[in-house]
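Trainee: Here it is, the structure in full.
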Amino acid sequence: MEQEVHGMLLVPHALRQLAHLAARSRRVDPDRVSFTRTLHAASRHVPAQAGFPPED
């Protein structure tokens, strides 16, 4: 449970950092980068399932 809470707190921070780095590389104001579009772009690159089967 504690890991899930940490994950929910860290994912938005990581996405904002990703958006900031992308904006800097394109010389765009980071405040102009959409959080929702960043989320959708990141989710397209994450596999739907983990690389290991769940425990029985």
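Readers should treat all values here as calculations from the given coordinates under stated rules, not as data from a laboratory. Please read these numbers as outputs of a predicted model, since none were measured by experiment. FYI the Cβ positions are ideal-geometry reconstructions off the backbone, even for glycines, and counts take in every protein chain you see.
Trainee: So which residues in segment 30-44 are part of a loop (DSSP other than H, G, I, E, B) and either among the aliphatic types (A, V, I, L, M) or touching an Asp or Glu at 6+ places or on another chain (Cβ under 9 Å) (or both), if there are any at all?
Mentor: Selection gives VAL33 alone.
Trainee: Sticking with this structure for a sec: Taking segment 1-29 only, how many residues are touching a Pro at 6+ places or on another chain (Cβ under 9 Å) and assigned to a loop (DSSP other than H, G, I, E, B)?
Mentor: Of the residues in segment 1-29, 0 are touching a Pro at 6+ places or on another chain (Cβ under 9 Å) and assigned to a loop (DSSP other than H, G, I, E, B).
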